[in-house]
Amino acid sequence: MSTNIDSFLTTLKKTVDNNETFTDRLVLEHYACQISMIDYQKPLVFTFDNMTTANSAESLAERTGWGNDFLVGLGYNVCSFIESDRFRWYRHEEFYQLVEAISAKRVFQKMA
């Protein structure tokens, strides 16, 4: 697992375990993961990038996850995955590592 992924998820897990708000993003080579944890009484929504924006001129660090602002505005917690390559749509090894790390660290266990 990437050190960046591990560090990001460790910080996120501590924040979730303490019911604290968290808004940040992890930017990797092919993906970004934008997370907004704002109200632990509300559901957690996972979103995936819109294919038409995958080849946007904006970098992964600049783009907002699909539906993120709308869902956060409704008070939901959001985990958005942002893709950089519409020709490999969520098939890079890096994405699998990220999802497996989220699962292994049980980051969102409290949300169940």
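None of the figures in this text is laboratory data; all of them are computed from the coordinates on show. None of these values were measured; they are calculated from a predicted model. Cβ coordinates were reconstructed from backbone atoms using ideal geometry, including for glycine residues, and neighbour counts include every protein chain displayed.
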Worksheet item: Against the longest alpha carbon principal axis of the chain, how many degrees, from 0 to 90 and to the nearest 10, is the axis of helix 3-17 turned?
Response: 30
Worksheet item: Which order do Tyr31, Tyr96, Tyr76, Tyr90 fall in if you start with the one that has the fewest other Cβ atoms within 10 Å?
Response: Tyr96, Tyr90, Tyr76, Tyr31
Worksheet, complete the sentence: HN-Hα couplings for region 21-35 via Karplus (6.51, -1.76, 1.60; θ = phi - 60°), in whole Hz with x for Gly/Pro, come out as 6, 8, 9, 6, 9, 10, 10, 10, 5, 10, 9, 10, 10, 9, 10
Response to the item:
Distance in Å, no decimals, from the C-alpha centre of region 68-112 to the one of region 1-62 is 6
Discussion item. Taking only the Cα atoms of the chain, how large is their convex hull per residue, in Å³?
Written reply: 91
Practice prompt. Distance from a point 7 Å along Cα→Cβ of Glu100 to each backbone N in region 9-28: keep the residues under 18 Å and list them by number.
Written response: 9-10, 28
Discussion item. How tilted is helix 93-105 with respect to the longest principal axis of the chain? Cα atoms for both, answer in degrees (0 to 90, nearest 10).
Written reply: 10
Item to complete: Please identify every one of the GluC sites (Glu not before Pro) in region 21-98 that sits in a loop by DSSP and has no more than 12 other beta carbons within 10 Å of its own beta carbon.
Response: Glu29, Glu58, Glu62
Item to complete: With runs of 4+ DSSP H residues as the only contributors, calculate the mean residue ellipticity of the chain at 222 nm using -39,500 (n - 2.57) per run, divided by the residue total and rounded to the nearest 500.
Response: -9500 deg cm²/dmol
Discussion item. Pick from Ser59, Ser84, Ser36 the residue whose mean-square fluctuation is largest in a GNM of the chain, springs joining Cα atoms under 10 Å.
Written reply: Ser59
